[in-house]
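Trainee: Okay, handing you the structure first.
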Amino acid sequence: MAALRRRVLAAAAAGGGLLLGWALATGDERLYVAAVMPVLRAVPPEAAHGLALRAAACGLLPSGRPDSPILEVHVFGQRFCNPVGLAAGFDKHGEAVDGLYKMGFGFVEVGTVTPQPQEGNPKPRVFRLAEDEAVINRYGFNSHGHAAVERRLRARQQTQLRLTEAGMPLGINLGKNKSSADAAADYVAGVRTLGPLADYLVVNVSSPNTPGLRDLQGRAELHSLLTKVLAERDVLPCERKPAVLVKIAPDLSAQDKQDIASVVCEVGVDGLIISNTTVSRPGGLRGRQRAEPGGLSGTPLRELSTQTVRDMYALTRGRVPIVGVGGVSSGRDALEKIRAGASLVQMYTALVYRGPPAVAAVKRELEELLREQGFKSVAEAVGADHR
Ligand SMILES: Cc1cc2nc3c(=O)[nH]c(=O)nc-3n(C[C@H](O)[C@H](O)[C@H](O)COP(=O)(O)O)c2cc1C
């Protein structure tokens with residue numbers, strides 16, 4: 001009897017393994033949701049993040065198909081073969097960039113990277129709110145530091161040049177060390193060290209887990225910081241200088257938003273990334289760990305982030321390109337952000353619940369919806385709600 005049980009269990013395990021292998025190889029959306037993601041979710045969130053990153057680094061994730069020309073976007077002087085990118089925070093140290101492009105992203109953003117290596121906050125510091133398709137994180141900029149990330153990205157610089165040429169640019173997201181007394185010097189150091197390796201740089205002044213960071217979004221602080229960052233970018237000794245984008249929070253007052261809009265227009269920033277995670281806790285959250293301190297991402301962030309895109313597009317009169325991020329898990333979500341004013345979108349939390357096939361799904365649905373609504377390109381749909 002015991003032997004029979006062992007054989008049945010072994011057969012079931014082999015079947016499960018086969019199913020898992022099949023899902024991994026084919027990228028079948030339903031198999032992923034039914035077989036792979038539940039297995040990964042049995043692992044604690046930070047360990048699962050590490051596993052997913054290693055799988056991507058080994059190229060174990062499903063490959064995407066070529067993109068339809070309707071999805072091509074030209075913005076910040078770059079060509080993007082599709083408007084769906086990977087948001088910052090997944091590959092903080094630039095360890096799996098090539099595998100991530102294979103998943104079908106039109107662009108990948110590495111970081112946040114701080115000048116010196118730092119540990120970040122004590123664990124546990126990431127929490128799944130599965131009932132809400134949300135995550136709360138308080139990583140606190142765990143980073144390998146500029147030098148390690150520079151070395152890693154330099155080793156694949158030629159590959160990146162080919163990817164960028166093929167419409168898959170690379171972003172690098174910059175932060176400051178927790179103990180640093182001079183925030184601007186940290187960002188300027190990031191421009192100098194990592195700027196030559198990036199198609200665009202992100203001045204991240206919106207993560208909620210570094211004390212004082214979000215105060216850099218204030219009018220005077222932001223003006224002074226961005227002036228220094230742009231001056232450093234302008235003297236970089238490289239042929240193609242990176243675009244400079246600013247990533248903002250979704251938790252801003254009307255006055256904050258007006259101030260940011262006037263500063264970015266005044267100093268000539270190339271774009272905005274909207275938004276980071278929220279410190280708010282929208283009503284109706286069901287996840288047991290909803291009261292954990294940190295930034296909330298995923299479905300409950302979606303509306304707040306889209307509204308911030310809408311507000312900033314109006315305040316900048318559509319003159320500053322926007323990357324919309326927060327709760328994108330379908331083509332409908334992506335198009336909502338595009339119609340509100342985003343030229344590109346990014347995803348993170350949807351990957352935790354739906355896995356890599358979510359990228360192809362968002363692109364497929366977006367393409368269908370664009371055609372259905374009579375748009376011939378993404379550009380035609382950008383800001384459509386404001387007209
Ligand atoms: C676990 C985790 C870590 C993150 N780390 C960073 C980070 O280092 N820098 C950053 O700018 N944003 C970071 N983010 C924010 C995301 O880039 C994105 O702005 C936010 O999660 C909203 O998108 P989503 O709802 O698709 O996840 C992180 C998000 C998560 C979930």
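The values are calculated or read from the model by the stated rules, or taken from the named source; none is laboratory data. Computed from a predicted structure; not experimentally measured. Backbone-built Cβ (ideal geometry, glycine too); neighbour counts: all protein chains shown. We work out accessible area using only protein heavy atoms, side chains counted, and drop any ligands, DNA or RNA first. Shrake-Rupley method; radii C 1.70, N 1.55, O 1.52, S 1.80 Å.
Trainee: Given the options Pro169, Pro69, Pro115, Pro124, name the one that is buried (at least 21 other Cβ atoms within 10 Å of the Cβ) and over 17 Å from the mean Cα position of the chain (by Cα).
Mentor: Pro115
Trainee: While we're on this one: Just wondering, is there one or more residues in the range 337-350 that are at pLDDT below 95 and either more than 12 Å from the ligand (Cβ to nearest atom) or not hydrophobic (A, V, I, L, M, F, W, C) (or both)?
Mentor: No, every residue in the range 337-350 fails to be at pLDDT below 95 and either more than 12 Å from the ligand (Cβ to nearest atom) or not hydrophobic (A, V, I, L, M, F, W, C) (or both).
Trainee: Test Val246 against the criterion of being within 16 Å of the ligand (Cβ to nearest atom), β-branched (Val, Ile, Thr) and under 21 Å from Ser305 (Cα atoms), and give yes or no. I'd like the intermediate steps shown before the answer.
Mentor: On the way: within 16 Å of the ligand (Cβ to nearest atom): yes; β-branched (Val, Ile, Thr): yes; under 21 Å from Ser305 (Cα atoms): yes.
Here the answer is yes, as Val246 does meet what is asked.
The rows are residues; the columns are (1) among the polar types (S, T, N, Q); (2) touching a Leu at 6+ places or on another chain (Cβ under 9 Å); (3) within 23 Å of Ala166 (Cβ to Cβ).
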site: Gly59; (1), (2), (3): no, no, yes
site: Asp67; (1), (2), (3): no, no, yes
site: Ile70; (1), (2), (3): no, yes, yes
site: Arg79; (1), (2), (3): no, no, yes
site: Tyr101; (1), (2), (3): no, yes, yes
site: Gly120; (1), (2), (3): no, no, no
site: Pro124; (1), (2), (3): no, no, no
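Trainee: Residue by residue through the range 275-316, note down the ones that are within 15 Å of the ligand (Cβ to nearest atom), aliphatic (A, V, I, L, M) and surrounded by fewer than 17 Cβ atoms within 10 Å (Cβ to Cβ).
Mentor: Residue satisfying the conditions is Val279 alone.
Trainee: Could you tell me how many of the residues in the range 333-387 are assigned to a loop (DSSP other than H, G, I, E, B), open to solvent by 10 Å² or more (accessible area, probe 1.4 Å) and touching a strand residue (DSSP E or B) at 6+ places or on another chain (Cβ under 9 Å)? Walk me through it before giving the result.
Mentor: First, the residues of the range 333-387 that are assigned to a loop (DSSP other than H, G, I, E, B): 341-343, 348, 355-356, 373-377, 382-383, 387.
Still in the running and open to solvent by 10 Å² or more (accessible area, probe 1.4 Å): 343, 348, 356, 373-377, 382, 387.
Cutting the leftovers down to touching a strand residue (DSSP E or B) at 6+ places or on another chain (Cβ under 9 Å) gives us 343, 348, 377, 382.
Residues that pass the stated criteria total 4.
Trainee: Which residues, taken from the range 127-148, are farther than 18 Å from Gly175 by Cα, touching a Phe, Trp or Tyr at 6+ places or on another chain (Cβ under 8 Å) and open to solvent by 20 Å² or more (accessible area, probe 1.4 Å)?
Mentor: Ala130, Glu133
Trainee: Does at least one position in the range 155-162 carry a residue that is hydroxyl-bearing (Ser, Thr, Tyr), more than 16 Å from the ligand (Cβ to nearest atom) and in a helix (DSSP H, G or I)?
Mentor: yes
Trainee: Residues Ile172, Ile136: which one is under 18 Å from Thr193 (Cα atoms), within 12 Å of the ligand (Cβ to nearest atom) and of a type in the set (Val, Ile, Thr)?
Mentor: Numbers: Ile136 fails: under 18 Å from Thr193 (Cα atoms).
That would be Ile172, the only listed residue that is under 18 Å from Thr193 (Cα atoms), within 12 Å of the ligand (Cβ to nearest atom) and of a type in the set (Val, Ile, Thr).
Trainee: Every residue in the range 248-274 that is within 23 Å of Thr227 (Cβ to Cβ) and open to solvent by less than 10 Å² (accessible area, probe 1.4 Å), please.
Mentor: Ile248, Ala249, Ile260, Ala261, Val263, Val264, Gly271, Leu272, Ile273, Ile274 - these are the residues of the range 248-274 that are within 23 Å of Thr227 (Cβ to Cβ) and open to solvent by less than 10 Å² (accessible area, probe 1.4 Å).
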